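**Student:** Dumping the structure here so I can ask a few things about it.
The values are calculated or read from the model by the stated rules, or taken from the named source; none is laboratory data. No experiment lies behind these values; they were computed from the predicted model shown. Cβ placement follows ideal geometry from the backbone for every residue including glycine, while neighbour counts extend to all protein chains displayed. Side chains included, ligands, DNA and RNA excluded: accessible areas come from the protein's heavy atoms. Shrake-Rupley method; radii C 1.70, N 1.55, O 1.52, S 1.80 Å.
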Amino acid sequence: MYPAFLDTCVLLKPYVCDTLLTIAESGLFRPLWSMDVLDELARNLAKRGLSEAQVNHRIEQMTRHFSDANVTGYEHLVPAMENDPKDRHVLAAAVRGGAASLVTENLKDFPQHALDCYGITAVHQDEFLQDQLDLSPRLVSAALQRQVSRHRKYPRSVDDLLDVLGNEGNGCPGFAAEARHMGTGGMRRS
């Protein structure tokens, strides 16, 4: 299965995170992260006003459903990384985990020259989701339907979810447009 390391910035956005992990449940890719990323996620979720119980629940759900996602034993690699110093732990964990892609919004923190020797490509979440859709429109469509089926409130349809993902705050306008064009939208929750 295609290994993709998920940076904190993409895990922080609830709808983007849920979409990525729901697609991963379909078997299109294997999500990877580290305890440093999860700790950073917990701190940022708390700063956004989530209670300790909510933060713990979210991280517990992620680690329970993806028990093989956590990369360990990368700390000794951190000093050798040549990307932005604050994100060297991310690249080191991606390298140790054998990631093919590093999914992030912070592409500037992962210049290609720092990735080339490891065979890793930094990719924006919008592009990564578009790639997943191109690879398997049916699986992605079914994943989006499952995602909205878990919502009691908005978004209650795939179209609503695509509106949310395509907005500026979630940063996936290309994916939302392509999913609509491919007919992924328009499915209503039963």
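**Student:** Of the numbered conditions (1) in contact with a Leu (Cβ under 9 Å, 6 or more places away or on another chain); (2) open to solvent by 10 Å² or more (accessible area, probe 1.4 Å); (3) not in a strand (DSSP E or B), Arg146 satisfies every one except a single condition; which is it?
**Tutor:** (1)
**Student:** For the range 56-78, how many residues are more than 29 Å from Ala142 (Cβ to Cβ) and either out of contact with any Ser or Thr (no Cβ under 7 Å at 6 or more places or on another chain) or polar (S, T, N, Q) (or both)?
**Tutor:** Here is the first cut: in the range 56-78, the ones more than 29 Å from Ala142 (Cβ to Cβ) are 56, 72-78.
Remaining after also requiring either out of contact with any Ser or Thr (no Cβ under 7 Å at 6 or more places or on another chain) or polar (S, T, N, Q) (or both): 56, 72-73, 75-78.
Summing the residues that are more than 29 Å from Ala142 (Cβ to Cβ) and either out of contact with any Ser or Thr (no Cβ under 7 Å at 6 or more places or on another chain) or polar (S, T, N, Q) (or both) in the range 56-78 gives 7.
**Student:** On to the next question. Against the conditions (1) open to solvent by 50 Å² or more (accessible area, probe 1.4 Å); (2) touching a residue at least 24 places away in the same chain (Cβ under 8 Å), where does Phe66 fall short? Just the number, please.
**Tutor:** (1)
**Student:** How many residues are closer than 12 Å to Asp18 by Cα and charged (D, E, K, R) if we restrict to the range 126-166?
**Tutor:** Residues in the range 126-166 being closer than 12 Å to Asp18 by Cα and charged (D, E, K, R): 2 in total.
**Student:** Residues of the range 108-121 being of a type in the set (A, V, I, L, M) and either more than 22 Å from Gln132 (Cβ to Cβ) or open to solvent by 50 Å² or more (accessible area, probe 1.4 Å) (or both), which ones? Walk me through it before giving the result.
**Tutor:** Kept after step one, since they are of a type in the set (A, V, I, L, M), are these residues of the range 108-121: 114-115, 120.
The answer is Ala114, and nothing else.
**Student:** Output yes when any residue across the range 177-190 is open to solvent by less than 40 Å² (accessible area, probe 1.4 Å), out of contact with any Ser or Thr (no Cβ under 7 Å at 6 or more places or on another chain) and among the β-branched types (Val, Ile, Thr), and no when none is.
**Tutor:** no
**Student:** Let me ask something else about it. Determine which member of the set Leu161, Leu165 is within 18 Å of Glu127 (Cβ to Cβ) and at pLDDT 95 or above.
**Tutor:** Numbers: Leu161 fails: within 18 Å of Glu127 (Cβ to Cβ).
The match here is Leu165.
**Student:** Give me a count of the residues in the range 7-41 that are open to solvent by less than 20 Å² (accessible area, probe 1.4 Å), of a type outside the set (A, V, I, L, M, F, W, C) and over 11 Å from the mean Cα position of the chain (by Cα).
**Tutor:** 1
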